[in-house]
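Once you've had a glance at the structure underneath, I'll fire off some questions.
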Amino acid sequence: MRIGIGVLLLICMSVSPVWAEPEEIEKKGCRDCHRFSSEEKQPARGPDLFYAGDKFHENWLKEFLQSPKVIRKVGYITDPGFPSGNPEVSQPHSTLTHEESARVSTFLMTLHLPDYETGKVDDVPLSKGARAQAKMLFERNFGCIACHEALNLVGKVRGGVSGPTLVDSGLRLKPDWVFHWLKSPEKFLPRGRMPVFNLDDETAIRITKYVLSIRTKK
């Protein structure tokens with residue numbers, strides 16, 4: 001009996017879990033808009049998901065898939081209707097049940113980029129003064145407000161809509177992904193419209209923390 005238990009434990013410790021792609025991805029036509037592998041053909045009409053585990057918080061994904069909200073008001077940049085501001089892809093996203101969203105979210109959390117560096121951004125919030133300085137970098141120095149929605153000093157939504165809204169982005173996006181996106185957006189989207197600012201790490205971390213603090217929810 002002891003030998004059997006030992007062998008069983010050895011097997012369990014040596015075999016990594018393999019998450020099969022849930023049937024909802026095929027049934028809901030997810031690949032009509034998203035890539036689940038860098039080998040799949042572009043253009044896609046929605047964001048790439050082959051690094052969803054690096055980018056999104058799982059709880060946000062589950063809620064979004066059950067009750068989708070528009071993140072990009074003029075559509076995704078690879079949508080043929082994006083330049084005219086009339087996206088061809090219907091918005092908002094198709095809806096999944098609680099069980100479906102749980103299966104899809106669990107699977108998406110297994111999708112990661114190779115050699116992806118984590119731990120770049122700690123969880124220490126910006127001080128009041130540092131946040132004010134980061135807000136100035138965001139709005140004035142780099143003009144992020146021209147493309148992205150944020151909040152003004154009294155909590156009202158303001159900003160452009162050609163990029164995804166950043167209101168409540170801290171609930172949606174993981175800090176390290178925001179950091180890497182700010183540093184090297186071309187690595188994620190070679191033909192994207194995000195400017196390459198050549199930020200040093202300290203500045204990228206400050207802006208990351210500011211972006212993730214733009215919240216209507218606490």
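Readers should treat all values here as calculations from the given coordinates under stated rules, not as data from a laboratory. Bear in mind that the values here come from a model prediction, so they are computed numbers and not experimental data. Here Cβ is always computed from backbone atoms with ideal geometry, including for glycine, and neighbour counts include all displayed protein chains.
Please rank Arg191, Arg72, fewest neighbouring Cβ atoms within 10 Å first, as an exposure proxy.
Arg191, Arg72
Nearest 0.05, what FRET efficiency do Glu202 and Glu21 give at R0 = 41 Å with Cβ-Cβ as r?
After rounding, the FRET efficiency stands at 0.55.
Between Gln133 and Leu171, how many nm apart are label points set 7 Å from Cα along the C-beta direction?
Rounded to a tenth, the inter-label distance reads 3.0 nm.
Let me ask something additional. Any chance you could check the Cα centroid distance between the range 125-152 and the range 183-218 for me, in angstrom?
Result: 11 Å between the Cα centres.
Cut-off is 10 Å between beta-carbons; in what order do Lys120, Lys128 appear when sorted fewest neighbours first?
Lys128, Lys120
Fewest first, what order do Val211, Val196 take by the number of other Cβ atoms within 10 Å?
Val196, Val211
How much length is gained if the chain between Asp32 and Lys156 is pulled fully straight, taking 0.36 nm per residue apart and subtracting their Cα-Cα distance, in nm to one decimal?
41.2 nm
Let me ask another. Evaluate the relative contact order of the range 128-211 (contact order divided by residue number), counting alpha-carbon pairs under 8 angstrom at least 6 apart; express in whole percent.
26
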